[in-house]
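Everything on this sheet refers to the single structure shown next.
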2 protein chains.
Amino acid sequence: MSAVGDLSIDIDRLLRRIDELAEIGRVDGPDGEWGSARLALTADDQRGRDLVVTWMRDLGLSVTIDGIGNVVGTRPGSDPAAPAVMSGSHIDTVRGGGRFDGILGVLAALEVAETLEQHGIDTERPYSVVFFTNEEGARFAPDMMGSLVFAGGLSLEEALDARAVDNEARLGDELIGIGYDGGLPCPTAVAPHSFVELHIEQGPILEGEGVPIGVVEGVQGISWTQLVIDGRAAHAGTTPMRVRSDPAFVASAIGVFVRELTTTADSQMVGTVGRVEMVPNLINVVPSQVTMTVDLRDPDDTKLVEAERLLAAYCVEVAAAEGVEITSTSLARFEPVEFDRELIDLLEETATSLGLASRRIASGAGHDAQMLARICPSAMIFTPSVGGVSHNIAEFTADADIAAGANLLLQVLLRNLNPIYR
Amino acid sequence: MSAVGDLSIDIDRLLRRIDELAEIGRVDGPDGEWGSARLALTADDQRGRDLVVTWMRDLGLSVTIDGIGNVVGTRPGSDPAAPAVMSGSHIDTVRGGGRFDGILGVLAALEVAETLEQHGIDTERPYSVVFFTNEEGARFAPDMMGSLVFAGGLSLEEALDARAVDNEARLGDELIGIGYDGGLPCPTAVAPHSFVELHIEQGPILEGEGVPIGVVEGVQGISWTQLVIDGRAAHAGTTPMRVRSDPAFVASAIGVFVRELTTTADSQMVGTVGRVEMVPNLINVVPSQVTMTVDLRDPDDTKLVEAERLLAAYCVEVAAAEGVEITSTSLARFEPVEFDRELIDLLEETATSLGLASRRIASGAGHDAQMLARICPSAMIFTPSVGGVSHNIAEFTADADIAAGANLLLQVLLRNLNPIYR
């Protein structure tokens, strides 16, 4: 394995592809920072997909698309019956997202394929590079949808019927519109051999400790709730406070309560009100309706369940006091996930063999790998995010850290592709 | 004056016109209630204006339009040098407003003109029916803009440069677009003799007491503030609470604080957060920016000033604690207004002479009459609003109450039009 152990990816080629993809839906900031807005199933998503598919085909990968639009490019192995070793992530972004979130995982997996090709490395198992549909959930809930449907956690029919938060469009129609309604069945008929995803940390820990590699042990639980608060529209000047049923006040009270949920001692919980829509949203009208979302996450499912219970109880209490009605809908609910122990050990050992310092870390964000963990051994590699910034055009990971992460990915995939290496 | 004292308006004609105007931008509710969305300087506003102007011209009124788009239809008096007795209100609505707010005042004033015409009543002073531009402030701040500019409280240039909250359009351009950029100077070169405005109460008091007529003594002070809260966009899952600068949390805390401002003992203050906009407004992203409005009103200016001071101090405190920046802009600030004492007495005496029960009342809403009070004796008549509901398609005033209010308007205007009647 000495020759193969010396293999390394071409960092310049990888960085060039990252920049080229990020030009699609490019967003420039005032201080030179830049990122992309390539929301799932938009025209820009289509252009991004087309570019990556072109790269896949240029490498001779055979490209397949499934019913939810996940795209898989496969390099054959010598054992045609063996399930594929899979790597990848997503290429959709949030509105004003960075150049690395998801994209790094897809293009590093592609770079591994090109490295194998360039050096004429044959593998026993097939190798599949994948990008999953709608990981971000910026237009359609739930997030991580493509990998969830791929792994059988959500029916294809239900996913295709999802409606966009921006224009109420049906996901299935949007998928046809961009030409990515593929024929492969969902969930997948054949589970991959294994799945390893390279991703930026999106948090401050690795950079803070100066460690280039995070070996991800698992993902915290996620609870997304939408609250629709129906009150009574009224004139802001003539309606005495005592007769109001003001959903904007209730939304504010809930916003403060969500913060309180996260600030008990030793809590690892995070809570976010990311979206608020008021109707009619006019300065001098008490709103008739406010829609808001609550994103709660905790590595401990018991604590997450308790927070959901407290939030629901508070909603009942504040709704009764103000005379509004609150309709609560769960938009997504994922229990904490633990990744495969053997893969975690393999990642750690391989990092050491490459001379890369690593630490074990829990993921604060949800990732496609947690869905794949339902059907095959899965794990993740994190690279540092400068300032912990993500979901922001200022998101950045240093070139050397990208190279370290991608080379670790290459070596771990090689060990999975050819059992002789392990 | 017996013949003139017996005059009365044609309630069927008035109700027909109210319905006809309300069809423009009609909005239907689920239970048969209906209203209109005719926001200032939109295509529907143009259609509404065109209809009222047609009615004015059909009555032989000479129609003039000033630089801010206020429309005046005048019936000549026998004394060409006398300033006109003026009545009217506005025809723009909020987004999903009622059929009566503003419209009643304009169409009742028009009905008075038709009654005079029909009965061949000549008057000494000219009579002007007016509708003012952008009273609601639903697209452009400040509200009551047309009457404010008419009375010289805001320069025409500044008003024309106002930007729409919905699409950033410049008011002056929108005015040209709908064809209502008139040639008459603003502020008006000649102050009216007097201004009386008929309006629905938009509050619950008259209906609650079973009194058909409110003689309005004055208008409470109004303070509109826009707060732009700049924080730091961040991933909702990976960003520990301790490092967040979350403008959505700050907006919630301010929303709760606004409610607290109004709930001290004996307070008559009302406080409303009517508008909230979040960027990027996604479920899994801590927002980078939240824009919110605060509408505070009180009949006592001292208390209003104190509330503004407390709000500003709280903003400084909560911004420092969360690490966000808050930019506060006053969008409108009107001190409490007292109407003309002689007109108030005249309204009360005339109501009594018509056998109509009345009570004195303070206005919770701002009205064009408070702007006219800067340049001529002004007052208002209120008619009851069922359930106190307004700025809502369920807004309703009973036919008999409309007739009572319009007949009182007719008789008071007659007394102003011909000094001999007083």
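The values are calculated or read from the model by the stated rules, or taken from the named source; none is laboratory data. Being a predicted model, the structure only gives us computed values, none of them experimental. Cβ sites come from the backbone with ideal geometry, for glycine too, and all protein chains shown count toward neighbours.
Is it the case that the stretch A:103-116 has a residue that's of a type outside the set (Val, Ile, Thr) and in a loop (DSSP other than H, G, I, E, B)? No, because not a single residue in the stretch A:103-116 is of a type outside the set (Val, Ile, Thr) and in a loop (DSSP other than H, G, I, E, B).
Matching residues to (1) part of a helix (DSSP H, G or I); (2) closer than 15 Å to B:GLN411 by Cα; (3) free of Cβ contacts under 8 Å to residues at least 24 places away in the same chain; (4) over 14 Å from the mean Cα position of the chain (by Cα):
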residue	(1), (2), (3), (4)
B:LEU343	yes, yes, no, yes
B:THR350	yes, yes, no, yes
B:ARG360	no, no, no, yes
B:ALA365	no, no, no, no
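Scanning the stretch A:363-386 for residues being over 28 Å from A:ALA151 (Cβ atoms) and in contact with a Phe, Trp or Tyr (Cβ under 8 Å, 6 or more places away or on another chain) gives a total of 1. B:SER353 - would you say it is among the polar types (S, T, N, Q) and either at pLDDT 95 or above or not assigned by TED's automatic domain parsing to the domain that holds B:ASP12 (or both)? Taking the combined requirement at face value, the residue satisfies it.
Being modelled with pLDDT under 95 and either in a helix (DSSP H, G or I) or not assigned by TED's automatic domain parsing to the domain that holds A:GLU342 (or both) holds for only one residue in A:GLY405, A:GLY387, and it is A:GLY387. Within this structure, B:THR93 passes the test of being among the hydroxyl-bearing types (Ser, Thr, Tyr), buried (at least 23 other Cβ atoms within 10 Å of the Cβ), touching a helix residue (DSSP H, G or I) at 6+ places or on another chain (Cβ under 9 Å) and not in a helix (DSSP H, G or I). The strands (runs of 3 or more DSSP E) found wholly in the stretch B:1-70 and carrying at least 3 residues that are within 27 Å of B:GLU395 (Cα to Cα) occupy B:26-28, B:34-36. Being modelled with pLDDT of 95 or more, away from chain A (no Cβ under 14 Å), in contact with an Asp or Glu (Cβ under 8 Å, 6 or more places away or on another chain) and surrounded by fewer than 24 Cβ atoms within 10 Å (Cβ to Cβ) is true of B:GLY77.
Considering A:ALA265, A:ALA248, A:ALA253, the condition of being more than 10 Å from every other protein chain (Cβ to nearest Cβ), closer than 30 Å to B:ARG242 by Cβ and outside any strand (DSSP E or B) is satisfied by A:ALA265 alone.
When the stretch A:61-74 is limited to residues that are over 14 Å from A:LEU116 (Cα atoms) and of a type in the set (A, V, I, L, M), the one that is surrounded by the most Cβ atoms within 10 Å (Cβ to Cβ) turns out to be A:ILE68.
To keep it simple, each residue is scored yes or no on (1) surrounded by fewer than 24 Cβ atoms within 10 Å (Cβ to Cβ); (2) at pLDDT below 95; (3) farther than 30 Å from A:LEU408 by Cα; (4) in the same structural domain as A:LEU39 (by TED's automatic domain parsing).
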{"position": "A:GLY97", "(1), (2), (3), (4)": "no, yes, no, yes"}
{"position": "A:ASP101", "(1), (2), (3), (4)": "no, no, no, yes"}
{"position": "A:THR115", "(1), (2), (3), (4)": "yes, no, no, yes"}
{"position": "A:ASN134", "(1), (2), (3), (4)": "no, no, no, yes"}
{"position": "A:ALA141", "(1), (2), (3), (4)": "yes, yes, yes, yes"}
{"position": "A:VAL149", "(1), (2), (3), (4)": "no, no, no, yes"}
{"position": "A:SER155", "(1), (2), (3), (4)": "yes, no, yes, yes"}
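Does the stretch A:88-101 include one or more residues that are farther than 26 Å from A:GLY25 by Cα and touching a Pro at 6+ places or on another chain (Cβ under 9 Å)? No: the stretch A:88-101 contains no residue that is farther than 26 Å from A:GLY25 by Cα and touching a Pro at 6+ places or on another chain (Cβ under 9 Å).
Restricted to the stretch A:44-77, and to residues there that are in contact with a Leu (Cβ under 9 Å, 6 or more places away or on another chain) and of a type in the set (S, T, N, Q), the residue that is farthest from A:GLY179 (Cα to Cα) is A:THR74.
All told, A:ALA379 falls short of being modelled with pLDDT of 95 or more, over 15 Å from the mean Cα position of the chain (by Cα) and among the small types (Gly, Ala, Ser). B:ALA233 passes every criterion in (1) surrounded by 20 or more Cβ atoms within 10 Å (Cβ to Cβ); (2) closer than 28 Å to B:GLN370 by Cα apart from (2). For the stretch B:363-422, name all the residues that are buried (at least 24 other Cβ atoms within 10 Å of the Cβ), within 21 Å of B:GLY35 (Cα to Cα), within 10 Å of another protein chain (Cβ to nearest Cβ) and of a type outside the set (A, V, I, L, M, F, W, C). Within the stretch B:363-422, B:GLY366, B:HIS367, B:SER385, B:SER390, B:HIS391, B:ASN392, B:GLU395 meet the criteria. Residues in the stretch A:22-34 include at least one that is of a type in the set (D, E, K, R), in contact (Cβ under 8 Å) with a residue 24 or more places away in the chain and surrounded by 15 or more Cβ atoms within 10 Å (Cβ to Cβ).
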